[in-house]
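To start, the structure itself, in structure tokens.
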Amino acid sequence: MRKVLLLSVLLWVVAVGYSQEDNPYKIDKLRLEARIDYEGLIKDDTSANSGGFAGKFINFAIDGHLTHRFSYHYRQRLNIADVTFSSFFRGCDWLYLDYHLGKHFTFSAGKQVVYIGGFEYDYAPIDVFYWSRFWNNVVCYEMGASVAFHDTAHKHTLIFQVCNSPFVSKPFENIYAYNLIWYGNMGVFSTIYSLNLIEYTKNHYITYISLGNKFTFNNLSFYIDFQNRASFAQKNFLFKDITLIGQVDYRFNHHWNLFIKGGYDVNHAQDAATGYQMAYDQLVLPGEEYYYCGIGGFYYPLNNDMIRLHAFFAVNHLDYTTYQLNAGVTWKMDFLQAFKYLKEQRINKDRRPRKGHKILETNKDEN
């Protein structure tokens, strides 16, 4: 029943998109995206190695406007949508409404991204191939509300958000996160900086200072993320519980891209024997020290990102070393472009003369 209902909703959205020229509502984006990988893992401990093909993601996304002031945004991860109806939102990355107040302010409410800084965190999961310990464990979508300020040139955005804590384990747990983030674009240099105050149990907070820095020079770009995590109960606030990430990308042309990425997570804020319930940081646990690095590339057969082939080799180490070999394909189905193409084909077909009918030529010289 749930699958039938979901399919019915998708078909309705497709129908609306196809007929939006007669519809008062505006759809800006309507797409389905998927990624399928082959992955092999080789571990240097006694556990068995593993490998095989797997579907990593299948996402449905729609964005649009109800009026010139109200816009909506929705993305559903269909590969984890087969859950009880009451927990259907678990497969929903975001579903929120924006109210645009003039050129500078936007108010939003619904299920949103938890605003934490850093470029690795900011990438969509479908575009992240190997990752930090923090990225792997953090819950990055929660119910909440936010207000954003945009400068006149829309090069800088400052957002304050109040949402459910990423550490909630049940509805109405009454613990929250307070997030302040800055997205900056200064040409060569871009930023995603945040200050976060996050309640992990009632009246117990952890703070994040997250600094994402990106530099772009023609075909070469690289980013460096640094995050410091600390509780008010710590004696030493800085550099005891951190994540450091770096990635370099070089775009040879429209088709080929090479990347190198590495990172390091460590938590020395508490003794390694500290249990989970007593840990200040419940994402990178006390005593953990994790590093990873790898190299890979993309190939785009078309002159856009609608089809992307990828391959990479990575090594990571926590309690033992794991070697990861991965190759796969990502594709995006843009329904609006497909509808536009079908419409043009229909118009062109209607314009063609029917069989047996003569084309009447007009003499341009006649008055």
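Nothing in this text is a laboratory measurement; each read-out follows from the coordinates by a stated rule. Owing to the predicted nature of the structure, the values given are computational and were not obtained by experimental measurement. Ideal geometry is used to build each Cβ from the backbone, glycine not excepted, and the neighbour counts take in all protein chains shown.
Eigenvalues of the alpha-carbon gyration tensor of region 2-349, scaled by 5 and square-rooted, set the equivalent ellipsoid semi-axes at 34, 27, 22 angstrom, largest first.
What are the trypsin sites (Lys or Arg not before Pro) within region 219-255 that DSSP puts in a loop, where the Cβ has at most 10 other Cβ atoms within 10 Å? Each step should come with its number before you reach the end.
Working: sites: 229, 235, 240, 251; in loops: 235, 240.
When the trypsin sites (Lys or Arg not before Pro) of region 219-255 are filtered for loop state and at most 10 Cβ neighbours within 10 Å, 235 remain.
Summarising the label geometry, the points placed 7 Å from Cα in the beta-carbon direction at residue 233 and residue 320 lie 3.3 nm from one another. Anything over 24 Å Cα to Cα? Flag those among 170/240; 26/103; 29/261; 111/170; 155/261; 29/56, in the order listed. Exceeds cut-off: 170/240; 29/261; 155/261.
Listing 114, 128 from the residue with the fewest other Cβ atoms within 10 Å to the one with the most, what is the order?
Working: 114 22, 128 15.
Neighbour counts put them in this order, fewest first: 128, 114.
Exposure proxy ranking for 108, 132, 165, based on other Cβ atoms within 10 angstrom of each Cβ and starting from the fewest, stands as 108, 165, 132.
Loop-only check: which trypsin sites (Lys or Arg not before Pro) in region 137-215 are DSSP coil with at most 10 other Cβ within 10 angstrom? Don't skip to the answer; put the middle values down first.
Working: sites: 155, 202, 214; in loops: 155, 202.
Those that pass, being in a loop and sparsely packed, are 202.
Can you list the chymotrypsin sites (Phe, Trp or Tyr not before Pro) in region 202-233 that are in a DSSP coil and have 11 or fewer other beta carbons within 10 angstrom? Write down the numbers at each step before the final one.
Details: sites: 205, 208, 215, 217, 222, 223, 226, 232; in loops: 232.
Those satisfying the criteria are 232.
Residues 139, 266, arranged from fewest to most other Cβ atoms within 10 angstrom of their Cβ, appear as 139, 266.
How much length is gained on full extension from residue 203 to residue 334, taking 0.36 nm per residue of separation minus their Cα-Cα distance? Write down the numbers at each step before the final one.
Details: separation 131, 0.36 × 131 = 47.16 nm, distance 4.55 nm.
Residue separation times 0.36 nm, minus the Cα-Cα distance, leaves 42.6 nm.
Each other residue within a Cβ distance under 14 Å of residue 103 adds +1 if Lys or Arg and -1 if Asp or Glu, for a net charge of 0. In a reduced charge model with +1 at each Lys and Arg Cβ and -1 at each Asp and Glu Cβ, region 117-261 shows a dipole moment near 280 debye about its Cα centre.
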